[in-house]
1. From the set of residues in segment 223-233 that are open to solvent by less than 50 Å² (accessible area, probe 1.4 Å) and touching a residue at least 40 places away in the same chain (Cβ under 8 Å), which is nearest to residue 282 (Cα to Cα)?
2. Might you let me know whether segment 149-162 holds any residue that is closer than 17 Å to residue 237 by Cα and either open to solvent by less than 30 Å² (accessible area, probe 1.4 Å) or assigned to a helix (DSSP H, G or I) (or both)?
3. Return the pairs, sorted by first residue and then second, in which the second residue is part of a helix (DSSP H, G or I) and of a type in the set (Ser, Thr, Tyr), the first residue lies in segment 418-432 and is over 15 Å from residue 85 (Cβ atoms), the beta carbons are less than 6 Å apart, and the residues are 6+ apart or on different chains.
4. From the list 401, 334, 358, which residue is outside any helix (DSSP H, G or I), assigned by the TED database to the domain that holds residue 261 and touching a Gly at 6+ places or on another chain (Cβ under 6 Å)?
5. For the structure I just gave you, tell me whether residue 258 is more than 26 Å from residue 124 (Cβ to Cβ), hydroxyl-bearing (Ser, Thr, Tyr) and out of contact with any helix residue (DSSP H, G or I) (no Cβ under 6 Å at 6 or more places or on another chain).
6. Exactly one condition in (1) assigned by the TED database to the domain that holds residue 110; (2) at pLDDT below 95 is not met by residue 424; state its number.
7. I'd like to know if segment 262-270 contains one or more residues that are surrounded by 19 or more Cβ atoms within 10 Å (Cβ to Cβ), under 28 Å from residue 165 (Cβ atoms), touching a residue at least 40 places away in the same chain (Cβ under 8 Å) and within 22 Å of the chain's Cα centre (by Cα).
8. Find the residue count for segment 163-180, including only residues that are touching a Ser or Thr at 6+ places or on another chain (Cβ under 6 Å) and open to solvent by 40 Å² or more (accessible area, probe 1.4 Å).
Amino acid sequence: MVWKFEPLECYGRITRYLHETMKMKAGRILLLLLCLSVVTFGVIAGPQTCPASDLESGCSDSEEWRGEFFPGIPKIKYEGPSSKNPLSFKWYNAEEEILGKKMKDWLRFSVAFWHTFRGTGGDPFGAPTKNWPWEDGTNSVAMAKRRMRANFEFINKLGVDRWCFHDRDIAPDGETLEESNKNLDEVVALAKELQGSKIRPLWGTAQLFLHPRYMHGGATSPEVGVYAYAAAQVKKAIEVTNYLGGENYVFWGGREGYQSLLNTDMGRELDHLARFLEAAVAYKKKIGFNGTLLIEPKPQEPTKHQYDWDAATSANFLRKYGLIGEFKLNIECNHATLSGHSCHHELETARLNGLLGNVDANTGDPQTGWDTDQFLTDIAEATLVMLTVVKNGGIAPGGFNFDAKLRRESTDVEDLFIAHISGMDTLAHGLRNVVKLIEDGSLDELVRKRYESFDTEIGAHIEAGKGDFEYLEKKALEWGEPKVPSAKQELAEMLFQSVL
C-alpha cells in the first residue's frame, strides 16, 4: 500500500476542523505542531514508490523504478492438504525431510522467464490476451529491466530460488550482434544484483529459433554465416549463464532438423551439429563454467523432423560423436508425448543411460497434437515422474523447470501464482506417493517376483554374459516347454492407484 499525503492540504483541513470545533488558541498551537510533524515525516521518508499499475506517473518510466508488481499477493506458505486458500501450498513443504532430503532439494523448482513474463496468450488464431500492468508496450532495455524486477519479486514471493531464461527473452535483440550483447550485458548486470546470494539460474540458453536468420536452423543451417552467428550467440549465452552462477546450460534445437529430405544433406547437418556441440564443450571448459550441458529432445514443431527426436535418439547421437560424457538430457514431458512416449518412458530411458539431467515440468492435452505447455496437474503422472527421480537419487544440479504457460483465457496476475502453486503441489504430492509405494513394498515385490527365475545360477550365468547358445540349448532340451507366469498387470495398476 502506498500512503500519499500533502502537508499543506493536511494543514488546511485540520485548521478548518479545529477552528470550527475548538476555536481555542491552544487548539491552533496543537494543530501547528501536528502538521510540522507530518512535514518532517515526509522529508525523512523520502520519495515514495509507485505501484506497478501506475504507468501514468513519471517515476514508472525510470530504469530504476521500484514499484511493487504483485500487490496483495503474500509470500506463499505451506498450509497443508486441508487448506482452501488458493495462494498456499497444500503438499509442498520446502523444509520437510523426505527419504533423507529436504523436499526443496528433491524438487529444485525453477521459474521459466519466457512463459511467465513474455507469454502473451496469443496463438495462430488470435491476438494476445495478457496485458500485465507493468508492461508499457515496448521491447526496450528499460522495459526489460522492469520485467526482471517483476521476475525476482515473483520468485521471492513464490519461495523458489532458481529461474531459467533465453538470452533474447530477457534482453531485446539489437540491430547488430554487438548491440544485442550490450543490451544483454545491461540486463544481466541488474539480474546479478537482484539475485543476491541465494537465487541463481537453473539454466540459461540461447534463442536460436525466432529470428528469420535461423529459419533453416543454427548449427544445422546450410549457410556458414548463420552457423558462425549462432556460435557467437551461444558463446555469449554461456558466458552470462556462468556469470550469473547458472548450474546448467541447455541446447534446444527447435530448428535443428528438416522439412524435407529432398533438399537436405542429413549426414552433413548431423556432422555440423556435432562439431558445434564439441566447440561448446571446449569453450565451457576454457572459461571455467562448471555447469552441466543439456540437450532437450523434441520430435518436431516447428520443424517436421528434429534431430534430437527423443531420449534414445539423443543418446545414440551423443555416443556416435563421442559426446556421451559431456552432455545430459533435459526431458520435457510434453515433448515425450509428441514423440509417442510417456514422460515416464523418456525419464527412464535417460536414467538407464546415465543421462537424466533435468526435467521441464509440463504436460500436453491428449486431444491436441501440439506442444501446449500446460502445467502438470495429473497426480498419477507426477508420481511416475518422481518414481524415476527417486530411483536416480535426485537430479541435482538439475531440477524441475516450469516450462509451462497460463491458458490463453487466464488473464489475472494472480493466475501466475495459482498455476505455479498447482504445479509445485502436484510434484510434491507425487513425491509423497513414492514414499508410500516404497514403504508398502508390494509393487517392488511384484516386479522382483516376475524376474525371480533369473535370480538362479543359470540366470546369473546369463546376466554375466556367459550364456552361449550351445549351453542355453542344452538347458532348453533338459527343461522342456517352459511355464510362463502371469504378468499381474492389473494388480500392479491396482497397487499403484492405491497410493494416489
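The values are calculated or read from the model by the stated rules, or taken from the named source; none is laboratory data. Remember, it's a predicted structure, so these values are computed and weren't measured experimentally. No Cβ is skipped: glycine too gets one built from the backbone with ideal geometry, and neighbour counts run over all protein chains shown. With ligands, DNA and RNA removed, areas are computed over all heavy atoms of the protein, side chains included. Shrake-Rupley method; radii C 1.70, N 1.55, O 1.52, S 1.80 Å.
1. 231
2. No; the residues of segment 149-162 include none that is closer than 17 Å to residue 237 by Cα and either open to solvent by less than 30 Å² (accessible area, probe 1.4 Å) or assigned to a helix (DSSP H, G or I) (or both).
3. Final answer for the pair search is 430/383.
4. After applying the criteria, what remains is 358.
5. So residue 258 fails the test.
6. Answer for residue 424: the failing condition is (2).
7. The answer is no, given that none of the residues of segment 262-270 is surrounded by 19 or more Cβ atoms within 10 Å (Cβ to Cβ), under 28 Å from residue 165 (Cβ atoms), touching a residue at least 40 places away in the same chain (Cβ under 8 Å) and within 22 Å of the chain's Cα centre (by Cα).
8. 1
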